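**Student:** Quick one: the structure is below, questions incoming.
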Amino acid sequence: MSRFYFADTGSTYALPFILNRILTILSLSLYYPWERAIQLKYIYNNIILDGSHFDFLGTGKEMFYGYIKLLVLIILFYGGFLVLMALDFTLYAIMFLYIFMAIGFIFAIPFFIHSGLKYRWAKTQWRGINFGYRGELKEFFNLYVKHGFFTLITLGIYYPWFRCQIQKYITGHIKFGHLHFEFRGKGEDYFVIYIKFILLIYITLGLYIFRFWRNIFNFFTNNTIIVDNEKGEKYKLTSNVTAWSFFELKVINFLILIFTLGLGFPWVLARNMKFLIDNIEIPDNFTTDHIRQTETDYNNAVGEDAIDMLDIGFI
Amino acid sequence: MAKGKYFDGLTSSEHEATINPSLQRLGIIISDPYGRPKFLDWDLEDIEIEYNEFAKRVKLENKTEPRKRIELELSEFLSIQDQLPKNLRLGIRSNGLRKIWLFGAISLFIIGFLIFSYFVMLPYFAEKVAINFPQSYERKLGLSVFESMESDLDIDSTKSHDLQLFFNGLGYDESKNVQVFYSKTNDINAFAIPGGFIVVNEGLINSMNNYKELQGVLAHEFIHIKHRHSLRILFRSLSSYLAISLVFGDINGILAILIQNSNELRSLSYSRTMETEADINGAELMVEKGFDPHGMIELMETLKSHTPNIENEVFKYLATHPDLDLRINNLEKVYSNQAKTLNADSLISKSIFLNLKNDR
Ligand SMILES: [Zn+2]
């Protein structure tokens, strides 16, 4: 049996999914944080490493405060438009204000990412050993703005380097007990992936997209390393997904969603997770028996004010 | 006795554990790294229980730092749970069946609630909003609708002025906000736009036999405005659309319906109840102001007499103002109830009407 896999097909999530979806709709989406917490529990509990499942300890209540803040921002953004129209502002004035606000949002993104990461990893456990994210907001913000600025003035050409810098910072600050992680991906390699995409996507009538996705998945996985400073060892993750398996995943997911009118979402979620987790291979010499607890005190300081905007992405 | 896995909260190592509940304590036997048994003893007061429905495991966690835990398969835990105090038991014995019942009950309740809120609460709130909608906004909305259709209406400003005089003379509108327009359109029709605009077509005026009918039409349309009928219909359709698009997450559609509805205000079809209300309250208003409400009935007769001849055009009017016979019946009742102290001085009205009708 594989050491690292996703254990469910989606059926155990079907009932909670429908119930929670209805509650979210009825509550005008105020219930969403609770729905999200259950979904995350489902996902984490079905990720199995060496026979033990992961735990997500977060609660809907904790995520609610952050969610409300986000909701208020969104309502202000959209509702503000109607109010300004009613107050007889000129369209130019409104446009100006909105461009201004949009720039504000761009600066808020690193803050959202940071607080999301901090919360999510503080609430992740395996065999009672806590994960943690030790990035600093100020550092991350500076990094984000600096490389974001380069990306802007190069009209996006710098994006692969930007992405790698961000990934390097984030991965480098994730702790799993006394272990930590490293990301070694280079901007130029990521850039090549994009260049190939641009060159080949039209020639292949769009079919190259599956190979592109495969390349990205493999790039991020194969460049992620687990570091054990106590043993002085590094362990490289590997992935060998094929473009064909990506094709199969996406097409079947699409068909499931279409033919079930969206009710098949739990199965699609499970298929995605299975694809993601089962395709990450952990080297045999990496043993999980002696990971020491280190993050408990640090995590206790994480406040109940999470903005959990992150997608399922584990890396 | 039950078997599970023990985690000490300090490292990730996994220990096979056998647990033995007694009155105040939980006895735990684990094997240390050398295979020798090690005995642990937890105070029941320190333990928290949690059932993890997705992992199908029961977690017993010892709250004292470092937090230690034992994880058991559900069946293992159920074999010993009777020996534990009530606060450390799970109520999930008939888990599957109970869940299905609960799910059924909740869905039924939710569906019932949805139906109730869609058909009862939503119209109620829409009505409330329509009634409390600020007058200045209603006026703005109506004005934009009126302006958008003004070019099609072919308004005669001189005759509109006369018509306004006629209307003002009736004293229906005490706040003097309503504007009346004479449209040189041949449709046998008259309509009200929210915010206080009444348009009467030349076709309708020319088909009338006397000024009382015009008094009747204006009373009818004035009630539509006074009771905000069009606004109420707009808010109803808007709110049900809002509810539907909330459920299906289609917010952009709301904008579409807003635009579509403001267009529909032009050719608004009121509900039957609203028409009856406009007829009866209109007739009552006429009585109140000392006019002969029979004008309303005569109006219906006129409309009826035109029905077979100019089919196409009248059909439009009929579709929105159905059942003329029924409406006449309703009006007869008001007529028979009225106190017959009629306002004698209708000479001015009469002359304005004749002027409007004959001056081609
Ligand atoms: Zn009417």
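The values are calculated or read from the model by the stated rules, or taken from the named source; none is laboratory data. Everything quoted here is computed from the prediction, not taken from an experiment. A quick note on method: Cβ atoms are made from the backbone with ideal geometry, for glycine too, and the neighbour counts reach across all protein chains shown. Heads up: the accessible areas ignore ligands, DNA and RNA and are worked out on the full protein's heavy atoms, side chains in. Shrake-Rupley method; radii C 1.70, N 1.55, O 1.52, S 1.80 Å.
**Student:** Going by the conditions given, is A:Leu19 within 14 Å of another protein chain (Cβ to nearest Cβ) and in a helix (DSSP H, G or I)?
**Tutor:** So A:Leu19 passes the test.
**Student:** Give me the pairs, please: first residue somewhere in segment A:152-169 and free of Cβ contacts under 8 Å to residues at least 60 places away in the same chain, second residue anywhere and in a loop (DSSP other than H, G, I, E, B), beta-carbon distance under 6 Å, and either six or more positions apart or on two chains.
**Tutor:** A:Cys164/A:Gly185
Each row is one residue, and each column tells you yes or no for (1) in contact with an Asp or Glu (Cβ under 7 Å, 6 or more places away or on another chain); (2) within 16 Å of the ligand (Cβ to nearest atom).
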| position | (1), (2) |
| --- | --- |
| B:Phe222 | yes, yes |
| B:Ile225 | no, yes |
| B:Ser230 | no, yes |
| B:Ser237 | no, no |
| B:Tyr241 | no, no |
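**Student:** Taking segment B:167-199, which residues are within 16 Å of the ligand (Cβ to nearest atom), under 31 Å from the mean Cα position of the chain (by Cα) and on the phi < 0 side of the Ramachandran plot?
**Tutor:** Passing the criteria: B:Tyr172, B:Val178, B:Val180, B:Asn189, B:Ala190, B:Phe191, B:Ala192, B:Ile193, B:Pro194, B:Phe197, B:Ile198, B:Val199.
**Student:** While we're looking at this one, here's another question. Which one is surrounded by the most Cβ atoms within 10 Å (Cβ to Cβ) among residues in segment B:225-239 that are basic (Lys, Arg) and assigned to a helix (DSSP H, G or I)?
**Tutor:** Result: B:Arg232.
Residue-wise test of (1) in contact (Cβ under 8 Å) with a residue 40 or more places away in the chain; (2) buried (at least 18 other Cβ atoms within 10 Å of the Cβ).
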| site | (1), (2) |
| --- | --- |
| B:Val129 | yes, no |
| B:Tyr137 | no, no |
| B:Gly142 | yes, yes |
| B:Glu150 | no, no |
| B:Gly169 | yes, no |
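**Student:** Which numbered condition in (1) under 18 Å from B:Leu331 (Cβ atoms); (2) buried (at least 21 other Cβ atoms within 10 Å of the Cβ) is the only one that B:Asn209 fails?
**Tutor:** (2)
**Student:** Please state which of the following conditions A:Pro33 fails to meet, knowing it meets all the rest: (1) more than 10 Å from chain B (Cβ to nearest Cβ); (2) open to solvent by 20 Å² or more (accessible area, probe 1.4 Å); (3) touching a Lys or Arg at 6+ places or on another chain (Cβ under 9 Å); (4) at pLDDT 85 or above.
**Tutor:** It is condition (2) that A:Pro33 fails.
Each row is one residue, and each column tells you yes or no for (1) charged (D, E, K, R); (2) in contact with a strand residue (DSSP E or B) (Cβ under 7 Å, 6 or more places away or on another chain); (3) not in a strand (DSSP E or B).
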| position | (1), (2), (3) |
| --- | --- |
| B:Ile19 | no, yes, no |
| B:Ile28 | no, yes, no |
| B:Phe39 | no, yes, no |
| B:Ala55 | no, yes, yes |
| B:Glu71 | yes, yes, no |
| B:Ser79 | no, yes, yes |
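**Student:** I'm trying to understand the selection: among the residues of segment A:161-196, which are open to solvent by 20 Å² or more (accessible area, probe 1.4 Å), outside any helix (DSSP H, G or I) and under 25 Å from A:Tyr208 (Cβ atoms)?
**Tutor:** A:Lys186, the sole residue that qualifies.
**Student:** Evaluate segment A:79-93: report whether one residue or more is within 12 Å of chain B (Cβ to nearest Cβ), touching a Lys or Arg at 6+ places or on another chain (Cβ under 9 Å) and not in a helix (DSSP H, G or I).
**Tutor:** The answer is no, given that none of the residues of segment A:79-93 is within 12 Å of chain B (Cβ to nearest Cβ), touching a Lys or Arg at 6+ places or on another chain (Cβ under 9 Å) and not in a helix (DSSP H, G or I).
**Student:** Give me the residue from segment B:56-71 that is under 21 Å from A:Tyr13 (Cα atoms) and either in contact with a helix residue (DSSP H, G or I) (Cβ under 6 Å, 6 or more places away or on another chain) or at pLDDT below 85 (or both) and, out of that set, nearest to the other protein chains (Cβ to nearest Cβ). Break it down into steps so the answer makes sense when it comes.
**Tutor:** Quick first cut of segment B:56-71, residues under 21 Å from A:Tyr13 (Cα atoms) only: B:56-59.
Now narrow it down to the ones that are either in contact with a helix residue (DSSP H, G or I) (Cβ under 6 Å, 6 or more places away or on another chain) or at pLDDT below 85 (or both): B:56, B:58.
Working: B:Lys56: 9, B:Val58: 13 Å.
So the residue we want is B:Lys56.
**Student:** Now for a separate question. What are the residue pairs meeting all of these: first residue in segment A:1-28, first residue of a type outside the set (D, E, K, R), second residue open to solvent by 50 Å² or more (accessible area, probe 1.4 Å), Cβ atoms under 6 Å, and 6 or more apart or on different chains?
**Tutor:** A:Tyr5/A:Asp278; A:Phe6/A:Lys274; A:Gly10/A:Trp267; A:Leu23/A:Tyr31; A:Thr24/A:Tyr31; A:Thr24/A:Tyr32; A:Ile25/B:Val247
**Student:** In addition: Take B:Phe109 and decide whether it is out of contact with any helix residue (DSSP H, G or I) (no Cβ under 6 Å at 6 or more places or on another chain) and more than 13 Å from chain A (Cβ to nearest Cβ). Please lay out each step first, then the result.
**Tutor:** Values: out of contact with any helix residue (DSSP H, G or I) (no Cβ under 6 Å at 6 or more places or on another chain): yes; more than 13 Å from chain A (Cβ to nearest Cβ): no.
Criteria not met by B:Phe109.
**Student:** Could you count how many residues in segment A:117-140 are assigned to a helix (DSSP H, G or I) and touching a Phe, Trp or Tyr at 6+ places or on another chain (Cβ under 9 Å)?
**Tutor:** Selection size over segment A:117-140: 9.
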